[in-house]
Amino acid sequence: MAITAEEKTGTFHLQTDNTSYIFQVMENGELGQLYYGSKIHVRPQYVNLSVREQRNATTAWKLERPDFQPDVLKQEYASFGKGDFRYPAYKLIAENGSRISEFVYKRYEIVEGKTRIAGLPSAFDDTKDDAQTLIIHMEDVFSGLELELSYSIFPHQDVLVRSALFNNCGSKEFTLADAFSAQLDLPDCKYDLLHFSGSWARERHLHRAHLRPGIQSIGSMRTASSAQHNPFIMLARSGADEDTGEVFGFNLIYSGNFLDQVEVDQFETTRILLGINPAEFSWRLLPGQSFQTPECIFSYTAAGMNGLSQQLARFYREHLLPARFAETERPVLINNWEATYFDFDEKKLLSIAEKAKELGIELFVLDDGWFGCRNDDTTSLGDWFADTDKLPLGLDHLAKQIHAMQLKFGLWFEPEMISLDSRLYDRHPEWVIHVPGRAMSPGRNQFVLDFTRQEVVDYLFEAMGRIIEDAHLDYIKWDMNRHITEMFGACLAPEQQMEMPHRYILGVYQLYERLTSSYPHVLFESCASGGGRFDLGMMYYAPQAWASDNTDAAERMLIQFGTSYGYPQSMMGAHVSAVPNGQTGRVTPLETRTAVAFFGAFGYELDITALSAEETFKIKDQIKFYKKYRSLFQFGTLYRIESPFDDEQNVMSWQVVSNDKKHAVACRCQILNRANPPYTRIYFKGLTADQKYTVNDSAEKFYGDELMNAGFFVQQLMDACRHAGVSADFQEALFVLKAVE
Ligand code: DGJ
């Protein structure tokens, strides 16, 4: 039994294969957190973990219990205004303005498996992988409100999924002002916070810093998870590294405004809260109504950050990604964006497709510019029918010819947006999000549709569905290129305006849900000006996400390495583009651009019709190589070896290993070459110690323990580069390891 409930002592112990999570009902009826970490034995109670000392100058629960002081206790889902002065997990406002509520334990239930949450992306256990769900029912007797705290454990991935559900079972109206998805109080603060922040074209760079007293947070108020801060965070013991030490990972299955907050209090305990950002949220709860928070992932390992990333990747594949794509090899694609931008016609597209076929590419993606009269970014968003100037014979005609070449066909949409210069705006100016009477702020010359209106979602479902059917689409790239301003819901009451950001995201999820269930064969790739909505909410519907508009190999190392901490490599759309790179002006070798893109959902984004004979030859070979090891690149166990975020930021290496550990591919890239460089070895990981391997088909055979512990000599690149007459900067080395004998 993975969940043990000790009714007598009100203690709940949730065990996975390697972790324990324990909490108990406290004397005041609220829940106290006792332990989260490496697995420990089940006992009826844990007095040692719940002892506390009475502190001076601290509020008590009641006169008779001066020793019960909420401010010194580790809580499960802390209330506001009853003596715990740290940031609360929720806040409910009554009709008279009071913010006090006291949810006390009522009962529990344990349910086998894990069901999906209607209307929200959520974890599931369709494969009967021993998941169990514990639901703790709490009630606030005074108001009649009920709270259900839900804990689902996935024992074999060491993952716990939490959420909260508020039910107004009383007769009065309430406003939910804060409603985090989950809270975790840890007994000390000797951790580093690791988060993944940046900007457009600089997404998910790793930042690591010690916790300090006070509140540290990252979040978004852009109605998107954002390129600025990703919702995935880790807390690691100060000495923890890629392969050793304790690490917690937290993430939200959510794509909207979020807040991840870490508070170190006066006693050096740590409170972690994750959920919808309270700064732009409240929810009216009328009698009989409920509010469900998004789900939050907790994961823990004592095996360092590689261990954490690996268990999360496994969990997402088995319990979050659409099953039909989770382990299906993704096609090598060509995207026409950087080849043509808006300037193309059918002839040009077909010439790209023909060349793609010759190279071994499998999917042709037509990006922005195929609809309405879209020759630049000022028009036509919302007019989802083919531009008859560029495609006089229609999309289906183009699609037919692409399919006839035995290529799959995919299309770009930006469903959430509208251009003022569009037929849709002429017909429905009221569909744009705006504040009546006030000016609207443009972003990339475009505005946002009000996805809280059912008729907007219906229109898009119908328009996109028609094209999916007519053009027999195999793939959709769903882009989103601006954040919402002048947030106002024309259909919402004044007291519901703060519901708008969350309701907007629910509208996006509704459209995704309807499209993916009506057209399950279509592979979706999410995108938001590159990687601006790279999150688990999107992953639930779209197995791939465009990692960044920045395809420069040197910068992509940082972006993809950072992304790999919280997301599997199969999710990372990674393409080879032309040089000089459009974002950095840098010239890197084709081999390096390719080797970096190999570790993801691989493709090309350049004018392949302009390739030289030598480049054509090389690319054919590279695609052949990728296809041979595709399943390893996309679904193999990933080990980060050398970090490009280390002080010198000059080298990156990582490796993918097959489940049976018989095959591995590693890549080592350097940014700048150094004169007379230090003697270098690469230390492979994840091999079988007493298995022999060849490296790049070497005559010599090496035991796994030698390759992992003594390392493998890496030759200086200078001589080979001088000989070939190329720069030794931005060079890569690929190592293919094969088990022999
Ligand atoms: C932004 C995306 O990130 C690009 O890949 C491309 O699709 C453009 N939008 C098209 O407008």
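The values are calculated or read from the model by the stated rules, or taken from the named source; none is laboratory data. Only a predicted model underlies this, so the values are computations on that prediction, with no experimental measurement involved. Note that we place each Cβ from the backbone using ideal geometry, even for glycine, and neighbour counts take in every protein chain shown. The area values use the complete protein model at the heavy-atom level, side chains included, leaving out ligands, DNA and RNA. Shrake-Rupley method; radii C 1.70, N 1.55, O 1.52, S 1.80 Å.
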Two-site FRET efficiency, A710 against L672, from Cβ-Cβ distance with R₀ of 22 Å, rounded to 0.05: 0.20
task: With a cut-off of 18 Å, note down the residues of the stretch 491-529 whose backbone N falls inside the zone around a label point 7 Å from the Cα of T328 toward its beta carbon.
output: 512-526
Ordering of 428-434, 400-406, 414-420 by burial proxy (mean other Cβ atoms within 10 Å per residue, highest first): 414-420, 428-434, 400-406
- line: Taking a ≥ b ≥ c as the square roots of the Cα gyration tensor eigenvalues, with a/c under 1.5 meaning rounded and otherwise prolate when a/b beats b/c or oblate if not, the stretch 85-220 comes out oblate
task: Compute the separation of the alpha-carbon centres of the stretch 617-676 and the stretch 1-74 and state it in Å as a whole number.
output: 45 Å
query: For the stretch 450-551, what class follows from the C-alpha gyration tensor (a ≥ b ≥ c being the square roots of its eigenvalues): rounded when a/c is under 1.5, otherwise prolate if a/b is larger than b/c, else oblate?
result: oblate
- prompt: Taking a 1.4 Å probe, which of S163, S98 shows the most accessible area, and what order do the others take after it?
  reply: S98, S163
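Using a 1.4 angstrom probe, figure out how much accessible area the stretch 609-695 has per residue, in square angstrom, rounded to the nearest whole.
Values: 4180 Å² over 87 residues.
Result: 48 Å² of accessible area for each residue.
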field: Cα centroid of the stretch 537-615 to Cα centroid of the stretch 239-263, whole Å
entry: 25 Å
- prompt: What accessible surface, in Å², does a 1.4 Å probe find on T340, ignoring ligands, DNA and RNA and rounding to the nearest 10?
  reply: 10 Å²
task: Just need the relative contact order of the stretch 195-250 here, percent rounded to a whole number, with Cα pairs under 8 Å and 6+ apart.
output: 32 percent
message: Residue by residue through the stretch 163-174, what is 3J(HN,Hα) from phi via Karplus (6.51 cos²θ - 1.76 cosθ + 1.60, θ = phi - 60°)? Round to whole Hz and write x for glycine and proline.
response: 7, 10, 10, 9, 10, 8, 9, x, 10, 10, 7, 10
- prompt: R0 = 51 Å: FRET efficiency of D377 with T127, Cβ-based, nearest 0.05?
  reply: 0.70
query: Ignoring ligands, DNA and RNA, what accessible area per residue does the stretch 467-533 give at 1.4 Å, in Å²?
result: 31 Å²
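Students often check this: by mean Cβ neighbours within 10 Å, which of 520-526, 720-726, 700-706 ranks highest, and how do the rest follow?
Details: 520-526: 19.9, 720-726: 11.0, 700-706: 15.4.
Highest to lowest by the protection proxy: 520-526, 700-706, 720-726.
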- line: Any helix of the chain counts here only if DSSP assigns it H throughout, its Cα atoms span 18 Å or more along the axis, and its mean Kyte-Doolittle hydropathy is at least -1.0, and such helices are 304-319, 346-359, 454-470, 500-518
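Carbon-plus-sulfur fraction of the accessible area of the chain, 1.4 Å probe, in percent?
Here carbon and sulfur together make up 50 percent of the probe-accessible area.
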- prompt: R0 = 56 Å: FRET efficiency of D67 with R586, Cβ-based, nearest 0.05?
  reply: 0.30
- prompt: Hey, how many Å between the Cα centroid of the stretch 696-741 and the Cα centroid of the stretch 114-130?
  reply: 44 Å
task: Per DSSP H run of at least 4 residues, take -39500 (n - 2.57); add these up for the chain, divide by its residues and hand me the 222 nm value, nearest 500 deg cm²/dmol.
output: -6000 deg cm²/dmol
statement: Counting only DSSP loop positions in the stretch 231-266, the chymotrypsin sites (Phe, Trp or Tyr not before Pro) whose Cβ has at most 13 other Cβ atoms within 10 Å are none
task: For the stretch 472-486, just list the computed ³J(HN,Hα) in residue order, Karplus coefficients 6.51, -1.76 and 1.60, θ = phi - 60°, integers in Hz, with x standing in for Gly and Pro.
output: 6, 5, 9, 7, 10, 9, 9, 9, 7, 10, 7, 9, 7, 10, 6
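Please list, by residue number, every one of the GluC sites (Glu not before Pro) in the stretch 1-96 that is coil in DSSP and has at most 16 other beta-carbon atoms within 10 Å.
Numbers: sites: E6, E7, E27, E30, E53, E64, E76, E95; in loops: E7, E27, E30, E53, E64, E76, E95.
Answer in residue order: E7, E27, E53, E64, E95.
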message: Over 10 Å intervals from 0, what percent of Cα-Cα pairs in the chain sits in each interval?
response: 3, 14, 23, 24, 19, 11, 5, 1, 0
task: Name the shape class, rounded, prolate or oblate, that the alpha-carbon gyration tensor gives for the stretch 520-600, where a ≥ b ≥ c are the square roots of its eigenvalues, rounded holds for a/c under 1.5, and otherwise prolate holds if a/b is larger than b/c and oblate otherwise.
output: prolate
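Please calculate how many Å² of accessible area the stretch 246-341 carries per residue, with a 1.4 Å probe and no DNA, RNA or ligand atoms counted. Don't jump to the answer; show the numbers that get you there.
On the way: 2330 Å² over 96 residues.
With the other protein chains kept in place, the stretch 246-341 gives 24 Å² per residue.
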